[in-house]
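Below you'll find the structure, written out as structure tokens, and then a few comments.
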Amino acid sequence: MAQEAVGRLPRETLSRWKREQAMLKALVVDRNTEAWQQDPAFAGLQRVGGVDVSFVKGDSAGACASLVVLSYPELEVVYEECRMVSLTAPYLSGFLAFREVPFLVDAVRRLQEKQPSLMPQVLLVDGNGVLHHRGFGVACHLGVLTDLPCVGVAKKLLQVDGLENNALHKDKIRLLRARGDAFPLRGRSGAILGVALKSHDHSTKPLYVSVGHKISLEAAVRLTRSCCRFRIPEPVRQADIRSRDYIRRTLGGPGPPTPGQERSQRAQRPEVCSTRGPAELGQGRAPEAHSQGPRTRPEGPDPCARASEQDLALGLCELRLRPGPQQATLRR
């Protein structure tokens, strides 16, 4: 995680970000809006998306934004895109969306333009939704700007509204015995901001699930659980794996691509990609797109970290759904 840099952020920018969060927060829908969300087995849900932004360790400007779409319930990758982007603003806690969301919205827009039949019906985001300092985390931000159902899935507890990772909280975690066990995250205000979920039998750390947009907390928790082959939901896990791999492959070539160079492909069935050494990467050409099987890729040491903040202007993108299942158009 990049270091916070409040001192380098102009006060007027911070004030504007807070105003934008407040304005967009009013548009959040925290209830089910789709028929599949009401079904115990999510009948009608066919495509689940995951997003990630990773950057090269030691490089505060170069980052990789990725979007994957998985079939449901098979959880096989049917679409992926990774693109190198340039970042300028520093990371600031509570304002993650202003560095990541512009690139993720662009990725959704490109998918809609190229292959609208593969548009995800819901997005899982590595971050928080309403479990946030101002009740409007990155999952809310992305959901409102794309008008897609969105779920926030965080790996660590964000300590807001009196929530603390204290002895009592750790005692509750120890009581989570089996996959699917959970307990609500009730703030000092009395509001339930999310749920701590044991997503895998062999995981000792819970996930923190919260509503992003256009889904209820109950459905968000059920969906997250159903997408977990390991601790991390497969859409988020695959987006993370592929963005890291793209960075590794890119750095192994003659040089990093300029922003705008990308890979994008519709994968009929994920293929297994083995981990490569440096000698295998420098082939004098740009890295090619490939798919990785969701069960077979080992998660090795992480050479990447989060990207620096990118300022987000209101009106970045407008998404309007056309009549008919999952047909959408995005407009600047």
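Observations
- Other residues with beta-carbon under 12 Å from the beta-carbon of His133 carry, at +1 per Lys or Arg and -1 per Asp or Glu, a net charge of +2.
- Within the same chain, lysines fewer than 8 places from Lys170 are excluded, and of the rest, those with a Cα less than 16 Å from its Cα are Lys155, Lys156, Lys198, Lys205.
- Two-decimal Rg/Rh across region 75-167, once Rg and the Kirkwood Rh are taken from alpha-carbon atoms: 1.01
- Cα-based shape type of region 26-106, given that a ≥ b ≥ c are square roots of the gyration tensor eigenvalues and the cut on a/c is 1.5: oblate
- Hits among lysines - C-alpha to C-alpha of Lys25 under 18 Å, sequence gap 8 or more where chains match: Lys214
- 14 Å cut-off, amide nitrogen to a point 7 angstrom out along Lys18 Cα→Cβ, residues in region 119-155: 133-135
- Highest to lowest packing among 19-29, 117-127, 152-162, 206-216, scored as the average C-beta count within 10 Å: 206-216, 117-127, 152-162, 19-29
- Length added when fully stretched, Arg11-Ala167, from 0.36 nm per residue minus Cα-Cα: 52.5 nm
All of the numbers you see were taken from the coordinates with simple rules; none came from a lab. Predicted, not measured: the structure shown is a model, and the values here were computed from it. Glycine gets a Cβ as well: all are built from the backbone with ideal geometry, and neighbour counts include every protein chain shown.
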